[in-house]
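Just so it is clear, none of the values below were taken in a lab; they were calculated from the coordinates. Just so you know, these numbers come straight off a predicted model, no measurement behind them. All Cβ positions, even for glycine, are placed from backbone atoms using ideal geometry, and neighbour counts span all protein chains on display.
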Amino acid sequence: MTPNDQTVPHPMPQRPHSTTPARLYAAAHGGPEGRDAYETDVDLVDRLTGLGLDPTLIAHQSRGFHQRAVTHAAHVLGVSQFVDIGCGLPAQSRPNTHTTAATAATAATAAAAAAAGLPSWRVLYVDNDPVVRAHADALLRTSTPGATTVLEADLRDPDIILDRARQVLDFREPVAVMLLGVLHYLTDADRPHDIVRHLMDALPPGSCLLLSHTTNDYAPQVMERAEELLAREGIQAQARGQEAVTSFFGGLTLAGPGLVPVHQWYPDDAASAALPASRVHTWGGIGIKPRCTAGTAPGGGDPGGADERGGPA
């Protein structure tokens, strides 16, 4: 099925041929994804590496968290609707949001959707990079019973995103908002905490926030130099400490292990879990909007449930 496309002009166009966050991530990831990067993107990854960072490791661990978080939202929390903001170029070596959601969807979710005559899952992909939408036209096609929509828009315009989401999703049912590796491209001047709150306030109870964010907790001077390097290439960025990242989950209940380094959030293998957090430099977690029932209050724990191993069932 070909995604439905909608374009909203970006208020701050990128310079021609300049590196974008989507292409930078593709260059850092390497492999099939790296084919979408330009020489300038690869050069920027090399210069970030020269600062003492490991962009490839960070990209791979972030992608692993992406898959585990979507799986948890779909399989454990029973969410079948996703708004993937800052989605980036479609992955080729690993599943994308819609394929992960389709695989992880519970039988109950699929049956309920079928009974209502609706797709078993729905994904709204959002990015401000026109190249992402062009790739989506070619790559985001699936025979799985579901629906994908692509919107070219900016996170700093949340009402545009919400308006489109209301057209293609059912706001009577929970929605997962995905902000994976995107909020650190907003500075405090962009009021990112207000934007996240505005998005979550518009969603029904049971909705969730999937979030990952680069941190300066482990190497503040290195991150400051990285921000300066990116700024010279036309990319604004701001790493944040654990307290600032935690505050994005205000009013939400943190699921599972809470806010932890992304590679330690229900890790797939012991080797990844054993990596020092100072190499990955990224916090991640899922927050759930409490349902309006007596005695419900934000706090710790995993209301979505986990199996006896402590991970997604």
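Give me the Å³ per residue figure for the convex hull around the C-alpha atoms of region 158-249.
99 Å³
Within 15 Å, Cβ to Cβ, of Glu243, how many net charges do the neighbouring residues add up to if Lys/Arg are +1 and Asp/Glu are -1?
Charge balance in the 15 Å sphere: -1.
Whole-Hz ³J(HN,Hα) for each residue in region 122-132, computed from phi via Karplus 6.51 cos²θ - 1.76 cosθ + 1.60 with θ = phi - 60°, x for glycine and proline: what do you get?
For region 122-132, the Karplus-derived couplings read 9, 10, 9, 8, 10, 7, 8, 9, x, 5, 4 Hz, x marking Gly and Pro.
Near His281, within a Cβ-to-Cβ distance under 12 Å, what is the net charge of the other residues, with Lys and Arg +1 and Asp and Glu -1?
0
Given a Förster distance of 22 Å, report the FRET efficiency between Gln167 and Ala134 from their Cβ-Cβ distance, rounded to the nearest 0.05.
0.50
For a Förster distance of 41 Å, can you work out the FRET efficiency between the beta-carbons of Asp157 and Ser278, rounded to the nearest 0.05?
In this case the efficiency is close to 0.70.
List the residues, sorted by chain then number, that are 5 or more residues from Val175 or on another chain and whose placed amide H is less than 5 Å from its amide H.
Under 5 Å from the amide H of Val175: Ser207, Cys208.
Give the long-range amide H neighbours of Gly181: residues separated by 5 or more places, or on another chain, with amide H under 5 Å away, using H modelled in the peptide plane at 1.01 Å from N.
Ser212, His213
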